[in-house]
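Okay, so here's the structure we're looking at.
The values are calculated or read from the model by the stated rules, or taken from the named source; none is laboratory data. What you see is a predicted model; the values in this text were computed from it and never measured. FYI the Cβ positions are ideal-geometry reconstructions off the backbone, even for glycines, and counts take in every protein chain you see.
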Amino acid sequence: MQQFQPRDRVVYHITKKSKLGAIATVTSGYYYDGENRIWADKKEIWPIRTKSEPYLILEDDELLDLKKLVKDLSFIKDKINWGIYLRGSLRKLPEEDYQLIESEMRKIISRRTKKKAEAEKVTGLKTEKDFLEAIKKLSLNSRSEHDRIGEMLQIVGSWMGYNTNTRSKISSNSAYELDVAWLSGKNPEVAIEVQIGGSISLALRKLREAREFNYRKVILVIEEEQLSRLNKEIRYDSIRNWLDAWSIKSVYELYTSGQQFFQLYDQLKEARYRERTEVELI
């Protein structure tokens with residue numbers, strides 16, 4: 001517990017179910033409280049503590065089955081007797097294992113958002129300012145315009161079946177983090193930078209490195225007024241041959257309209273036996 005630092009993440013494992021239920025963000029360092037009980041009906045004080053706040057929470061019927069991830073988790077060396085690696089109160093996870101767990105949780109949560117996105121869609125939007133205002137009203141967790149757009153693109157990637165992360169390091173030894181990364185398993189696929197304020201040059205530097213690290217596609221989300229500046233920056237830069245520039249309007253339309261497609265697409269590709277006496281129309 002003394003190692004805990006603000007911004008660390010904690011994954012909650014429900015032992016009797018062998019399932020993962022939530023992730024929290026640590027908001028304080030370690031401290032000792034030997035007086036205030038956490039659970040009034042328990043004799044144990046549990047004095048060694050740190051403060052935290054919810055980050056991702058799954059519903060009771062959504063819990064992530066850990067057995068499905070065992071083969072891909074590097075901290076579990078014995079894939080048969082994997083339960084021994086979960087004994088004890090705390091276990092430090094490698095970064096790649098944490099990213100996989102968060103991504104799988106986000107895929108589950110994204111199924112909830114499919115129904116919300118279409119219901120929240122606003123029509124009659126014309127200007128970029130209109131779309132930014134509409135984005136502020138969506139049921140998203142992030143606060144800033146920059147982070148909300150990143151969250152929307154992370155959710156879209158989850159709908160498409162990618163493992164998705166925000167603020168994801170381009171590689172283990174890179175100095176840069178991508179705003180959004182879509183991975184196929186652990187393989188890099190799509191690198192996204194959201195350029196709402198900040199430096200276009202830095203965003204391009206990140207995307208250039210992402211291409212060198214085998215991301216097959218790189219995307220820059222920019223405001224309309226930044227387009228001419230972007231084209232000047234990439235005039236003699238080979239990244240222009242790989243780069244797609246997306247408008248805020250396009251991201252909004254993709255998020256709010258795409259949910260209906262993916263909801264039907266999930267049913268189209270699903271193949272499983274279901275006991276029933278008659279079929280219903282989709």
Exercise for the section: Looking for whichever is surrounded by 15 or more Cβ atoms within 10 Å (Cβ to Cβ) and not assigned by TED's automatic domain parsing to the domain that holds Lys186 here; the options are Asp65, Asp78, Asp72. Which one fits? Expected result: Asp72
Completion exercise
Selection from the range 125-143 of residues assigned to a helix (DSSP H, G or I) and charged (D, E, K, R) yields Glu128, Lys129, Asp130, Glu133, Lys136
Practice task
Only residues that are surrounded by 15 or more Cβ atoms within 10 Å (Cβ to Cβ), outside any strand (DSSP E or B) and basic (Lys, Arg): list them for the range 144-187, please.
Solution key: Arg148
Practice task
Kindly indicate whether any position in the range 222-245 is in contact with a Phe, Trp or Tyr (Cβ under 6 Å, 6 or more places away or on another chain), closer than 30 Å to Ser139 by Cα, of a type outside the set (Phe, Trp, Tyr) and not in a loop (DSSP other than H, G, I, E, B).
Solution key: no
Practice task
Assess whether Ile84 counts as being in contact with an Asp or Glu (Cβ under 9 Å, 6 or more places away or on another chain), at pLDDT below 90 and not charged (D, E, K, R).
Solution key: yes
Completion exercise
Considering residues that are polar (S, T, N, Q) and modelled with pLDDT of 90 or more, the number found within the range 6-47 is 3
Practice task
Considering every residue within the range 230-242, establish whether at least one is crowded, with 21+ Cβ neighbours inside 10 Å, of a type outside the set (S, T, N, Q) and under 28 Å from Phe262 (Cα atoms).
Solution key: no
Exercise for the section: State all residues of the range 87-124 that are touching a Phe, Trp or Tyr at 6+ places or on another chain (Cβ under 7 Å) and either modelled with pLDDT under 85 or part of a helix (DSSP H, G or I) (or both); if no residue qualifies, say none. Expected result: Asp97, Ser110, Lys114, Ala117
Completion exercise
Per the list (1) surrounded by 10 or more Cβ atoms within 10 Å (Cβ to Cβ); (2) closer than 16 Å to Ile14 by Cα; (3) touching a residue at least 60 places away in the same chain (Cβ under 8 Å), residue check on Glu96 breaks on (2)
